[in-house]
Amino acid sequence: QLAKFLFAILFISFSLNSEAQDHDLAIIPKPFSYEKVAASFLVHQATAIQTDEKSNAQAAYYFQNEVLKATGLSLGIKKSALNNVISFKLVPLKGKESHLYQIKMTAQKVEVSAATEEGLFRAAASLLQVLKQSKNVNGAYALSCWNITDKAFFEWRGLMLDESRHFFGKEKVKQILDWMAFYKLNKFHWHLTDQPGWRIEIKKYPRLTTVGGVGSYSNASAKAQYYSQEDIKEIIAYAANRFIEVIPEIDMPGHATAANLAYPQFSGGGSPKYPEFTFNPAKEGTYQYLTDILKEVNVLFPSQKIHIGADEVHFGNQHWNVDADVQKLMKEKNFTSLKEVEHHFLYRMGDSILKMDNEILAWDEVVDSKLPVAQTTVFWWRHDKPDVLKQALAKGFKTVLCPRLPLYFDFVQDEKHQIGRKWDGKFVTIEQVYQFPNQDILSLEGAAKLVQGIQANIWTESISTENHLDYMLFPRITALAEAAWVKPDTKDYTLFKQRLNVHLKYFGESGLYYFYPFSPEKF
Ligand code: TNX
């Protein structure tokens, strides 16, 4: 029986090796360097995954699980194996990047090596893609062999999801995290609070979710939707298993309507168009209240980073109409402008974050605030204000690039698309995402040292269903991943499109409702 089986394997491997496999390596994002080896490695039910004594086998477990999903094969994990083995090994490698890895493939063995667990994990994602591109002959998968050495260009490869405007829930978030892992994205920025809904349970202030969680952007009376602290822990663990860090955003002092409806005593008012938009910066109790909220957030999220929004405060009476309180504060502190009140607010909350040993993250409005440069990361989002980016870099702020154009994924991908945003007729094509950031940005003074990476933001005022979310995210997520991972001067859009063409079928197989870009006029 065994002899028969081995013979069959031999036969398959012979027949496949004799076939020319001239397609290029279709890994997205493209590895740093790779070369084809003239052989195939067969994955079948007797293939073993081997792990290192020193390793916690996280990459091996991920690979095992994904192989089952992709092929139906349930491979064993062993400490030692001789032939037909995929081994994950921790070894000292040159280079200090945690995502660095190597894959060496021969007909007998696949050797994955990295200096860190993360490196092994990134390698597993690459190998999984090679497996998905293999040929299935009678239940055995013939992987074409490659030698790969890989590392990321940007350390921050992010995706932000706004679940305040519309709530998508745990299963959708996990699915997104799966795709992020598949494409080596590593930061999930979770926008959990805003005008329509507060989506994170805070034990000390339960009304934030029971009252603040009611409604969405398109349906003010939708029943309360939010994540319990247990849900949040589950998502964080799911992400951590995929080497994705989850960063919470609690937006303040603006975008606070949902919270203010729950606890009006801390509201700073608003305007008819944006009711109860800000927290009250002139009340001492506000700082205690928000600090208590952030204390729970800090304990929940291991990232040691809290994003405090700080966007679109829209100062002035129109929004900030707690005139008596604010005037009193201004007199007390000798402030002459409302901008100073805003900065006072940010400084106080930044101080709370630093006391918890967290880093401060915020949108680019904070460039001229007094937040400490060494502990603050600025998210540049206003593409029409390049000076703000220059200012952030000149001051020495760490910076994440996520300009509306071309990194807001609530903008449509194609001019024919009707639902979604455009900006003066402009929108966000796959190619524009792919080509970001351009040389002008990369060569700005300070950029090499301070730009942490790039991030796409999916705001969801105009996105209310899972299908629509898919449609905005896919396939642009692939262009984002490649722009984040690959050294900019080695990107090649024409070759990327060929690899993307291979990946589009994965979206279909997974039941995603994605944008299919390959009609002649699209590319
Ligand atoms: C501005 S981007 C916002 C969001 C909106 C987005 C799209 C940013 C920091 N603030 O609150 O969702 O535009 O409409």
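FYI, it's all coordinate maths here, none of it is from the lab. Since we're looking at a predicted model, the values are computed, not measured. Because the Cβ atoms are built from the backbone with ideal geometry, glycine has one as well, and the counts that use them run over all protein chains shown.
Below, the figures for the structure above:
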{"quantity": "DSSP-assigned coil residues among trypsin sites (Lys or Arg not before Pro) in the range 170-249, each with at most 12 further Cβ atoms within 10 Å", "calculated": "Lys203, Lys204, Lys223"}
{"quantity": "Listed residue (Val37, Gln375, Gln498) projecting farthest to the positive dipole end of the chain, Cβ model", "calculated": "Val37"}
{"quantity": "The range 175-273: projected area of the alpha-carbon convex hull, averaged over directions, in nm²", "calculated": "7.2 nm²"}
{"quantity": "Rh (Kirkwood; distinct C-alpha pairs) - the range 193-359, Å", "calculated": "16.4 Å"}
{"quantity": "Nearest-0.05 FRET efficiency for Glu431 and Met356, computed from C-beta distance (R0 51 Å)", "calculated": "0.75"}
{"quantity": "Interatomic Cα distance distribution for the chain, bins of 20 angstrom, percent", "calculated": "21, 51, 23, 4, 0"}
{"quantity": "Whole-Hz couplings from phi, Karplus 6.51/-1.76/1.60, listed for the range 415-427; x for Gly and Pro", "calculated": "4, 6, 6, 9, 9, x, 9, 9, 10, 6, x, 8, 8"}
{"quantity": "Distance between the range 243-265 and the range 76-140 - C-alpha centres, whole angstrom", "calculated": "41 Å"}
{"quantity": "Ser337-Glu445 FRET efficiency (beta carbon distance; Förster radius 22 Å; 0.05 resolution)", "calculated": "0.15"}
{"quantity": "Estimated distance in nm for a label pair at Lys94 and Asn438, the labels positioned 7 Å out from Cα along Cα-to-Cβ", "calculated": "3.6 nm"}
{"quantity": "Long-range amide H partners of Trp156 with built H, under 5 Å", "calculated": "Gly453, Ile454"}
{"quantity": "Charge dipole magnitude, Cβ of K and R +1, D and E -1 - the chain, Cα centre, debye nearest 20", "calculated": "1080 debye"}
{"quantity": "Beta bridges by DSSP in the range 2-150, antiparallel share as percent, to the nearest 5", "calculated": "60 percent"}
{"quantity": "Net charge dipole size for the range 193-359 [Lys, Arg +1 and Asp, Glu -1 on Cβ; Debye, nearest 20]", "calculated": "260 debye"}
{"quantity": "Net +/- balance of residues flanking Asn241 in space, Cβ distance below 13 Å, scoring K and R +1, D and E -1", "calculated": "-3"}
{"quantity": "In order through the range 428-433: 3J(HN,Hα) via Karplus (6.51 cos²θ - 1.76 cosθ + 1.60), integer Hz, x for Gly, Pro", "calculated": "10, 7, 4, 5, 5, 4"}
{"quantity": "Given Lys69/Lys233; Lys233/Lys370; Lys187/Lys395; Lys69/Lys398, the pairs whose alpha carbons are separated by over 30 Å", "calculated": "Lys233/Lys370; Lys69/Lys398"}
{"quantity": "Electrostatic dipole magnitude of the range 2-150 [Cβ: Lys, Arg +1; Asp, Glu -1; Cα centre; debye, to 20]", "calculated": "240 debye"}
{"quantity": "Gain upon complete extension [Asn241, Glu415; 0.36 nm per residue less C-alpha separation]", "calculated": "58.8 nm"}
{"quantity": "Helix-derived mean residue ellipticity, 222 nm - over the chain, DSSP H n ≥ 4, -39500 (n - 2.57), to 500", "calculated": "-11000 deg cm²/dmol"}
{"quantity": "Potential lengthening between Lys385 and Ser33 on full extension [0.36 nm per residue; Cα-Cα distance subtracted]", "calculated": "123.1 nm"}
{"quantity": "Antiparallel DSSP beta bridges within the chain, as percent of all bridges there, nearest 5", "calculated": "30 percent"}
{"quantity": "Pair His314, Ile77: separation of 7 Å Cα→Cβ label points (nm)", "calculated": "5.1 nm"}
